1. Of the numbered conditions (1) within 11 Å of chain B (Cβ to nearest Cβ); (2) surrounded by 14 or more Cβ atoms within 10 Å (Cβ to Cβ), A:Gln161 fails exactly one; give the number of that condition.
2. Among the helices (runs of 4 or more DSSP H) confined wholly to the range A:1-100, which include 2 or more residues that are more than 9 Å from chain B (Cβ to nearest Cβ) and touching a residue at least 40 places away in the same chain (Cβ under 8 Å)?
3. Every residue in the range B:49-65 that is more than 9 Å from chain A (Cβ to nearest Cβ) and either open to solvent by less than 10 Å² (accessible area, probe 1.4 Å) or basic (Lys, Arg) (or both), please.
4. Working only within the range B:506-527, note down all residues that are closer than 18 Å to B:Leu260 by Cα and not in a helix (DSSP H, G or I).
5. Go through the range B:357-380 and give me each residue that's in contact (Cβ under 8 Å) with a residue 60 or more places away in the chain and under 16 Å from B:Leu319 (Cα atoms).
6. Which count do you get for residues in the range B:378-389 that are open to solvent by 20 Å² or more (accessible area, probe 1.4 Å) and under 18 Å from B:Glu285 (Cα atoms)?
7. Which of (1) within 14 Å of chain A (Cβ to nearest Cβ); (2) under 24 Å from B:Ile370 (Cβ atoms); (3) buried (at least 18 other Cβ atoms within 10 Å of the Cβ) does B:Ala411 not meet, given it meets every other one?
8. Since A:Lys236 meets every condition but one in (1) at the interface with chain B (Cβ under 10 Å from one of its Cβ atoms); (2) open to solvent by less than 50 Å² (accessible area, probe 1.4 Å); (3) modelled with pLDDT under 90, which condition does it not meet?
Amino acid sequence: MPPVVRFAVRRLGRAVLTLWFASTVTFLLLRLLPGNPALAVESPNMTVQARNILLHQYGLDQPLLTQYGKYLWQLLHGNLGVSFTQQVPVSSVLLARLPWTLLLTGSSLLLTIAVGIPLGVLAATRPHRVLDRLVQVFGVGVQSLFVPTVGIFLLFVFGLQLHWLPIGGAYTPGVYGGAWYVSVLSHLVLPCVSLMLVQLGSYALTLRATLIESLGEDYTVLANAKGLPRSKVVWKHALRNALLPTTTLVGLNLGYLVGGAVLTETVFAYPGVGRGIYEAVTQLDYPVLQGAFVLLAATVVLVNMLTDLAYGVLDPRVRTA
Amino acid sequence: MRARFPIAVVAAVAAAATVAACSPAPPKSGAGGSTGDATLTIATTTDVVNFNPLIGNSRTDDWITDLMYPRLLTIDADGNKKPYLAKDFGYSNPTTGYFDIRDDMKWSDGQPVTASDVAYTINAILKDKPAGNTTYGQMSNVVNATAPSTTKVEIHLSRADSTVVSEVGFWMNVVPQHVFEPNGSVAKFPNNSNWVSAGPYKLVSAVKGQSYTLERVSPYPFAPNNTPTLQKVVYRVYPDINSEILALKNGDVDLIGNSLPPAQVKSLQSTAGIKVQEAPGLGYEHMAYNMNHQPLNKLQVRQALAHGVDYNAIRSVVLQGQAVTTGSSPIPPVLKDWVDPSLKEYNYDPNQSKQLLAQAGVSNLKLNLIYSLADPVSSQAATIIKDDEAKAGITINLQGQERNTYLANTASGNYDIYLGNFAIMDDPTTNMSLTYLPGGAINYGLVNDPALSGLIKQAQATTDKAAQKQLITQAATSVHDNVYDNVMYMQNLYFAYSNKWTGFTVKPSELLSLLDPQSLANVKKTG
């Protein structure tokens, strides 16, 4: 078997094992939570008998092993089950919310990279000078921010005081066509900037540290000695090597793309998967939670594989190893 | 640099495709008349969980489905049941209830609303037992329902039960048989598209976590000229009441559906452009003492606990004066026909509490009190209760709990004192049977008093209103005197809306408030 195929098979096997582990842990953890879905249904007239009927309808009166077997069997057939509370397939519940989450977290990640990398380069190319100090203070400052705090501050300033941007949601109901796209963008600005701000520091500071190191390497000295333009030395030679830890950071953040914006989505009433998870927790909607966590685990596994591939592209040593 | 262009293009295309996937199509218009083109936007803190009105889950579910699926009865400002879809209701004999329904209401697809729809809905609930259906709990004595004519519904009972007609009439939304029946069990039908409505508005678009848009339906007999005044009603979802208030101040919404927290009422009353409307509550905040735990099974101990709390302080500090006493009676004062003014609130007297404990031979009393951390009013009240009871020598161990833990402990009776509230107690007879009969769904005090049970069961059985009132008054006195339940207050509710709107009618409780279908069918813009 060629090494590449062996590598792929090994990684795939590990991915399947990870998914099984994550789905099993989720299955068990949910059943360890206090209460049960029948109790979470808030109806003052539900007798013990009525709640037992409900547990039977949900299949929760069966032995744990039977429930687990059915769950795994469904999962193997690509079936995430039916939501207890909404009576619709979990896949449709998640798919309805996924685009909004991808839009929010994807655009914030791109924005973070677009701002964070130049900021890191700016600091690294002027080490220990005023600009570098400013970037460091800024980086540490934004790293210590808490998303809800940033969100509420931005809402207060740009929503309530200046009336520049809307308070919450993903778009204004009742607008269509081009106006709808404008509405989507205006609603995206504040949650996207909030997420970007709290992630920005780690990108700028990580890149600054590794780029300063790269700029002191022999190959950079040689490139300078050859008379290459400073920008080419920095952006083409030093930055490429310095990007490896940042790539890991991107990989880690990508892993949270699907469910990592729970707080942001909650503060801004953004209709994504994170807010869906929050609501499913309060309702103890096991199938939705199980489906959401499988989706999360699958995203992390997939992104880890992609990060490995990106390493190969960025660093020839990884390719030949 | 060559590689960056395609990556940027791919990212841009992916982003555009993601957004485009969510782009809504303009709804088809023409469902209603041409009176007005106004849109009323209402803020809510919960998503619609299920569009099937027979599977109740969240307050927003109720608000939206109420606009499409009529109830047989509604309630007036004094808590009396009044006709809505039903023109007349009552009992033709002790085991047969009836509704005579209107003949001028239609579903939006042109089908008339008939007695068959009503009978189908009752029978489907009985057969399929949908999750969380409030009406099912009130149907324990219902055998079935029939429709002898297109406007007459009969409910057949296994034994006399005077609560069925009023409770089924008030709590049950009637669904269209021709839409629901072909979809099988009502417990599993999500009803998440192609809605039909016999209310003033019909759902045309639903984006989970974002907004729900309803459009006018006519004819609707409770609107001027049979045509609801609004073209659209939009519900927008916000994470909490504070975001809703920001949105109202910002002009993003016209009305907040949820009642305001006490601390926000005065501030909004003095905010330009915003009106605050008071509506009576229909429930109460109470403490239930676990009668299965010693020494709470002793009357003197319960009396000592009841006299150890300054309820007036709770109402004035925590509720900021936005609550009224019930006289420690389980009948909220809004139900004027049922209230017994002779019942007086347990007076705050720590010395009396100490004497009662001494008489009971109890010292160093230590009790656990559970409450939900999701309820800020309960959380603050609990602190006052703890401090007050300490003055009477009683140690209260506060156990604020996450909602599901609280519900689990409540269900298993794992507490000495339960602190919580009931949102809607619209019918004293029904509510007392749920709260004080052994095995009752919300009998959190685990009360088991044969004399009290006898009174409640007699009240259930009689259709003579005067006799029923007498029995219920005796039962309420028994609950009061035996401290089977310690009802602390009924909270008045406050709702905020933009002063650009007028014409709301106010009904008790957060369920109806300003959002009752008849209210929203008549509301209009000022000027």
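1. Only one criterion is unmet by A:Gln161, namely (2).
2. A:3-32, A:64-76
3. Those that are more than 9 Å from chain A (Cβ to nearest Cβ) and either open to solvent by less than 10 Å² (accessible area, probe 1.4 Å) or basic (Lys, Arg) (or both): B:Leu54, B:Arg59, B:Thr60, B:Asp61, B:Trp63, B:Ile64, B:Thr65.
4. Once the filter is applied, which keeps residues that are closer than 18 Å to B:Leu260 by Cα and not in a helix (DSSP H, G or I), the range B:506-527 yields B:Val506, B:Lys507, B:Pro508, B:Ser513, B:Leu514, B:Leu515, B:Asp516.
5. Those that are in contact (Cβ under 8 Å) with a residue 60 or more places away in the chain and under 16 Å from B:Leu319 (Cα atoms): B:Pro376, B:Val377, B:Ser378, B:Gln380.
6. Total meeting the criteria: 5.
7. (3)
8. For A:Lys236, the exception is condition (2).
The values are calculated or read from the model by the stated rules, or taken from the named source; none is laboratory data. Predicted, not measured: the structure shown is a model, and the values here were computed from it. In this analysis, Cβ positions are derived from the backbone assuming ideal geometry, glycine residues included, and neighbour counts consider all displayed protein chains. Surface accessibility is based on the protein's heavy atoms, side chains included, excluding ligands, DNA and RNA. Shrake-Rupley method; radii C 1.70, N 1.55, O 1.52, S 1.80 Å.
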